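Here's the structure, in structure tokens; my notes come after.
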Amino acid sequence: MPREEIISMMLPYPDRGERLVRVYLPTRREGQRFPVVYMTDGQNLFDEESSGFGCWHCMEAVRSAQAAGLGGAVIVGVHNTDPTRQPELTPISIGPPLFYPTQAEAHIEPSGESFETFLVHTLIPAAEARFPVLSGRRNRVFCGSSMGGLMALFTGLRHPDIWSAVGAFSPALLRYRREDLEAWLRSRSIREHPFLWLYSGAGDQLERLIDQSTREAELVLREIWPHDRLLCTHCPELRHHETAWEPQFRAFLAHFLKELA
């Protein structure tokens, strides 16, 4: 029986050379294949050593799901590191992003659409060709936090034919004017509806601002999205940190795997 492992690979990234991707494969039977969770910020997913802020402990979440009889999942994490992280996770299709970039990012144009292209046309085909994963919309989900949560929601609504569910934890929707974000959400006239899991806290100043913009988006989504395909959770005591996103991810993963059962 193959043991769990983490495999690193480098993939071509639009206009920026190569990108590090780490893939977690759970303990499995010979020939067993798994659904896949694609995630941003691969540097924060598996161990404290590679993270500068905190860890999601995704391996432990998968082990827990397996122990509960929910099966397992492959986790595919794309590394997003400064100074390119915020620009490459900022789509411009929604509207002109707010806030001036930091000095380190000042020379980098927002390029969320390039990340989207990498994800859809490079990463998914590479993962499905190389690893023991199940293909098809039903077996794919995408999630991330903060800027990654924004990108997860953006990509999920742009490609509902690819994702069965999206986890947008503390999504950085405050990067856009309210009217631009609302207009973009209402423009998503689609036939397939991924399950949307939105989370926000309010335990620090940044998270309170994110909570406000997330609740504004929630009001729009409740008008245009099937109620049984939308879950919004708010934890006012929790701050903008991996310690808040870790339990949300565990619950999101369990929900995804139960849907497959």
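The slack in the chain from residue 10 to residue 126, taken as 0.36 nm per residue of separation less the alpha-carbon distance, amounts to 40.7 nm.
Select from 145, 101, 190 the residue farthest towards the positive end of the dipole of region 81-238; place +1 on Cβ of Lys and Arg, -1 on Cβ of Asp and Glu, and compute about the Cα centre. Farthest towards the positive pole: 190. Ordering 192, 113 by the number of other Cβ atoms within 10 Å of each residue's own Cβ, fewest first, gives 192, 113.
What the Cβ-Cβ distance of residue 209 and residue 161 gives, at R0 = 41 Å and to the nearest 0.05, is a FRET efficiency of 0.80. Less than 14 Å Cβ to Cβ from residue 215, Lys/Arg counted +1 and Asp/Glu -1: what total charge do the surrounding residues give? Neighbour charge sum, excluding residue 215 itself: -3. List the relative contact order of the chain as a percent without decimals, with contacts defined as Cα pairs under 8 Å and 6+ residues apart. The value is 18 percent. Here region 14-55 is scanned for amide nitrogen atoms under 13 Å from the site 7 Å beyond the Cα of residue 109 along Cα-to-Cβ, giving 15. For the chain, pairs of C-alpha atoms spaced more than 32 angstrom apart make up 16 percent of the total. Run the dipole for the chain about the Cα centre, Lys and Arg Cβ at +1, Asp and Glu Cβ at -1, nothing else charged, and hand back the magnitude in debye, nearest 20. It works out to roughly 820 debye. Working ranking of peptides 88-101, 131-144 by packing, defined as the average number of other Cβ atoms within 10 Å per residue, highest first, is 131-144, 88-101.
Each Lys or Arg adds one and each Asp or Glu subtracts one; over the other residues with Cβ under 13 Å from the Cβ of residue 70, this totals +2. Label sites at residue 237 and residue 134, each approximated as a point 7 angstrom past Cα along Cα to Cβ, lie 3.7 nm apart.
Here is how the number arises for the chain: DSSP H runs of 4 or more residues each give -39500 (n - 2.57), the sum is divided by the residue count, and the result at 222 nm is -10000 deg cm²/dmol. As a length-normalised measure over Cα pairs under 8 Å and 6 or more apart, the relative contact order of region 137-261 settles at 24 percent. Taking the longest Cα principal axis of the chain as reference, the axis of helix 147-158 is set at about 90 degrees.
Each value in this text was obtained by applying a stated rule to the coordinates, not by laboratory testing. Keep in mind that what you see is a predicted model, and the values were worked out from it rather than measured. Cβ coordinates were reconstructed from backbone atoms using ideal geometry, including for glycine residues, and neighbour counts include every protein chain displayed.
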